[in-house]
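Have a look at the structure below before the remarks.
Here, each number is a calculation from the coordinates, and none is a lab measurement. Not measured: the values here are computed from a predicted model. Glycine also receives a Cβ, built like all others from the backbone with ideal geometry; neighbour counts cover every protein chain displayed.
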């Protein structure tokens, strides 16, 4: 990718204060985009990402909001547009897990995961699209999961949310394609994050045995794919679900 391929663009990355979101925000910065970092609770982590962006010569805006709250999302997108004029690129990355076998799962666990992972993407997309539609250019990139493609035991809520996000992506792409807006989903497999680092050693070894590339992915692997989808070189790619999983079987 050329150094400043996204010069002049404005990106909003939800769940951008750590993990995948942080890596994505930094990669978009490196390509020249201004980046708004959405987060819900950890002020210190968000501030650290903002400082990292500025240390790279980029511009950061911290926007604290619960993506499942319609009023908060509306205000967040307004704040981004008020500061920088528009929203060009939306990365719906915010997500939570609350795992349990279905027969033991509480209504609260189901609702919380669906609300953050699916309703959150719906709200952020709905409010961001207004700016993209007015300028006839935009990118919606949704971070789904391999669990949303194949399902995962103990994650009925998470798998349902991510599977719904995939279907949502395809619907959005078809609605807004005529306005030069693309919508795609990526489905990461096992990526090195706080979540995978807590797995027992035996579980990690069993997972690695199923991955032809013999390693977990890292957040930067995912960030590279997101950045590509944000550029004009991906302008003819839409409605797609791209797995980034090392060929897991």
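Couple of notes before you dig in:
- Selected from 23, 47, 60 as most flexible by GNM, with the chain as the system and alpha-carbon contacts under 10 Å: 47
- Diffusion of the stretch 127-249 by Stokes-Einstein, at 25 °C in a medium of 0.890 mPa s and with Rh set to the Kirkwood radius over alpha-carbon pairs, works out to 158 µm²/s.
- Highest-fluctuation residue, 103, 28, 20 considered, GNM on the chain with Cα pairs under 10 Å: 103
- Of all the options 27, 51, 64, the one that moves most in a Gaussian network model of the chain with Cα springs shorter than 10 angstrom is 51.
- Contact order normalised by residue count of the stretch 158-248, Cα under 8 Å, 6+ apart, percent: 43
- Helix 219-230 vs. the chain, principal-axis angle (Cα, 0 to 90°, nearest 10): 40
- The stretch between residue 75 and residue 233 holds 53.7 nm of extra length on full extension. This uses 0.36 nm per residue minus the Cα-Cα distance.
- Classification of the stretch 1-142 by its C-alpha gyration tensor yields a prolate form. The axis ratio a/c (a ≥ b ≥ c) is 1.5 or more, and a/b outweighs b/c.
- Relative contact order [Cα under 8 Å, 6+ residues apart], the stretch 10-244, whole percent: 19
- All-pairs alpha carbon distance profile, the stretch 10-244, 10 Å steps from 0, percent: 8, 33, 38, 17, 3, 0
- Long-range Cα-Cα pairs in the stretch 82-125 (distance over 12 Å), rounded percent: 66
- Helix 19-30 and the longest principal axis of the Cα set of the chain meet at an angle near 30°.
- Across q = 0.15, 0.16, 0.19, 0.27 Å⁻¹, the stretch 160-214 modelled as identical point scatterers on its alpha-carbon atoms has Debye log10 I(q)/I(0) values of -0.63, -0.67, -0.77, -1.03, in the order of the q list.
- In plain terms, the chain from residue 215 to residue 48 could stretch by 57.3 nm, reckoned as 0.36 nm per residue minus the Cα-Cα distance.
- Inter-label distance for residue 112 and residue 174, nm, one decimal - labels placed 7 Å from Cα along Cα-to-Cβ: 3.5
- Using C-alpha pairs under 8 Å with a sequence gap of at least 6, the mean separation divided by the residue count of the stretch 2-95 gives a relative contact order of 34 percent.
- Principal-axis analysis of the Cα atoms of the chain puts helix 120-135 at an angle of about 30° to the longest axis.
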